[in-house]
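Colleague: Could you have a look at this structure, given as structure tokens, before my questions?
Rule-based calculations on the coordinates, nothing more; no lab input. Bear in mind the structure is a predicted one, so any value in this text is a computation, not a measurement. In this analysis, Cβ positions are derived from the backbone assuming ideal geometry, glycine residues included, and neighbour counts consider all displayed protein chains.
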Amino acid sequence: MSYETILAESSEGIGTLTINRPGALNALNSQVLAELTSAAEAFDADPEVRVIVITGNEKAFAAGADIKEMAEKSYAEVYLADWFAGWDRLTRVRKPIIAAVAGYALGGGCELAMMADFIIAADTAKFGQPEINLGVMPGMGGSQRLTRAIGKAKAMDLCLTGRFIGAEEAERSGLVARVVPADELLAETRKAAAGIAQKSLLATIGVKEAVNAAFETTLSQGLLFERRTFHAAFGTQDQKEGMRAFSEKREAKFTDS
Ligand code: HXC
């Protein structure tokens, strides 16, 4: 499958999607949405791919939804097309997704990064929800995922003022998992992805489902879901292999069975 606004390649169990509209700071237009979600779904279905990385370039992960594309839309158009709802497809991908962010991750770009399971940021990364400066507000999850990630005070600050935060403040706030030097971003992300790719897919998908359940359920329901998913692991070969390998002081060889 060939794409025009993204690059998709996979090797060693890692599927990498690179947003590729450098002339527009990787602004997310409808074509990026269609291509990125389709490519992520294709990786999800590809047995060779075990973990997905979404990245941009050194200047921008994505500077937001494409302002020029949406500027003249009417209420009826965006409402009837349910503008941005298509991004939900990305959140239904079952394999782990890492966002590797350098430069601007603004508006929809920040929201896209938050749809990943975790974010690794270059020290050059800048996050923000500047929609307020355009007379609108976040529309791809910024008011919801950002609030869950960093709490009300900072989410209100970012969404109401439109200010940008650097990688260090983003890490301190809990938005990003790690900050690395910009020239090591892809290598560090690949290293993290390669580690995840070695694990049992049954376990990595189980982790993803259980952590995400924390955002959708009560604590007692979430704990029960976690415990039942944990119990289910005892029906797998990979649990036997993982625990035997530990006792035998050797590397486990998981088979996703
Ligand atoms: C369309 C964009 C864009 C965007 C940048 N470009 N961001 N085009 N949509 N979101 C284009 C510029 O128009 C310009 O094209 C080129 O990319 C380079 O951008 P510059 O502004 O010249 O770069 P620079 O001076 O370095 O400034 C970088 C920047 C600025 C601070 C990131 O580009 C900026 O403020 N961008 C918009 C950020 C933003 O508001 N994002 C949120 C969008 S709304 P030309 O052709 O002129 O060279 C959103 C959610 C909407 O994401 C949800 C509610 C509906």
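Colleague: May I ask which of LYS191/LYS253; LYS199/LYS249; LYS152/LYS191; LYS154/LYS191; LYS73/LYS152; LYS73/LYS154 have a Cα-Cα span longer than 21 Å here? Let's see the in-between values first.
Modeller: On the way: LYS191/LYS253 18 Å; LYS199/LYS249 17 Å; LYS152/LYS191 33 Å; LYS154/LYS191 31 Å; LYS73/LYS152 30 Å; LYS73/LYS154 30 Å.
Exceeds cut-off: LYS152/LYS191; LYS154/LYS191; LYS73/LYS152; LYS73/LYS154.
Colleague: In whole angstrom, and with the biggest value first, how far do the Cα coordinates of the range 97-178 range along each principal axis?
Modeller: 31, 21, 20
Colleague: Still on this model: Report the residue, chosen from LEU25, LEU201, LEU134, that carries the largest GNM mean-square fluctuation when the chain is represented by alpha-carbon nodes joined by springs under 10 Å.
Modeller: LEU134
Colleague: Related question: Using alpha-carbon positions, what is the distance between the centroids of the range 71-101 and the range 1-43, in Å?
Modeller: Comparing the Cα centres of the range 71-101 and the range 1-43, I get a distance of 14 Å.
Colleague: Also, quick follow-up: Kirkwood hydrodynamic radius, the range 66-111, all distinct C-alpha pairs: what's the number in Å?
Modeller: Numbers: mean 1/r = 0.0771 Å⁻¹.
13.0 Å is the Kirkwood radius here.
Colleague: Moving on. Run lengths n ≥ 4 of DSSP H only: what is the helix-derived mean residue ellipticity at 222 nm for the chain, with -39500 (n - 2.57) per run over all residues, to the nearest 500? Each step should come with its number before you reach the end.
Modeller: Values: 12 runs with 117 residues, N = 257.
It comes out at -13000 deg cm²/dmol, rounded to the nearest 500.
Colleague: Per residue, how big is the convex hull around the C-alpha atoms of the range 1-58? Give it to me in cubic angstrom, could you? Before the final figure, lay out the partial values.
Modeller: Details: hull volume 4.1 nm³, N = 58.
Given the Cα convex hull of the range 1-58, per-residue volume reads 71 Å³.
Colleague: Over the chain, with a single point scatterer placed on each C-alpha, what log10 of the ratio I(q)/I(0) does the Debye formula yield at q = 0.16 1/Å?
Modeller: So the normalised log intensities work out to -1.23.
Colleague: Let me know the Kirkwood hydrodynamic radius for the range 33-108, please, with Cα pairs as the basis and the value in Å to one decimal. Walk me through the intermediate numbers first.
Modeller: Numbers: mean 1/r = 0.0711 Å⁻¹.
Mean inverse Cα-Cα distance, inverted, gives 14.1 Å.
Colleague: Taking the DSSP beta bridges in the range 1-136 as the whole, what percent of them are antiparallel, to the nearest 5?
Modeller: Numbers: 6 of 25 bridges.
DSSP beta bridges in the range 1-136 are roughly 25 percent antiparallel.
Colleague: Amide H to amide H under 5 Å from THR16: which residues, 5+ apart in sequence or cross-chain, H placed 1.01 Å off N in plane?
Modeller: When sequence neighbours closer than 5 places are left aside, the close amide H contacts are GLU9, SER10, SER11, VAL53.
Colleague: Tell me the angle of helix 30-45 to the major Cα principal axis of the chain, expressed in degrees between 0 and 90 and rounded to the nearest ten.
Modeller: Helix 30-45 sits at roughly 0 degrees to that axis.
Colleague: For the range 1-153, what does the equivalent ellipsoid look like in terms of its semi-axes, each the square root of 5 times an eigenvalue of the Cα gyration tensor, given largest first in whole Å?
Modeller: Details: eigenvalues 111, 62, 46 Å².
So the equivalent ellipsoid measures 24, 18, 15 Å along its semi-axes.
Colleague: What's the FRET efficiency of GLN31 with ASP123 using the Cβ-Cβ distance as r and R₀ = 41 Å, to the nearest 0.05? The partial results should precede the final answer.
Modeller: Details: r = 31 Å, r/R0 = 0.75.
Efficiency for this residue pair is about 0.85.
Colleague: If I take every Cα pair under 8 Å that is 6 or more residues apart in the range 1-108, average their sequence separation and divide by the length, what percent do I get for the relative contact order? Before the final figure, lay out the partial values.
Modeller: Numbers: 182 pairs, mean separation 34.9, N = 108.
Computed over the range 1-108, the figure is 32 percent.
Colleague: Next question. Taking the Cα-to-Cβ direction at GLU12 and at PHE230 and moving 7 Å from each Cα, how far apart do the two end points lie in nm?
Modeller: Between GLU12 and PHE230, the label points sit 3.3 nm apart.
Colleague: Moving on. Can you give the Kirkwood hydrodynamic radius for the range 137-257, in Å, rounded to one decimal and based on Cα pairs? Display every interim value, and only then the final one.
Modeller: On the way: mean 1/r = 0.0572 Å⁻¹.
By the Kirkwood definition, the hydrodynamic radius is 17.5 Å.
Colleague: Using the Cβ atoms and a cut-off under 15 Å, what net charge is assigned to the surroundings of ARG21, where Lys and Arg are +1 and Asp and Glu are -1?
Modeller: Details: positive: LYS59, LYS68; negative: GLU4, GLU35, GLU58, ASP66, GLU69.
Computed value for this residue: -3.
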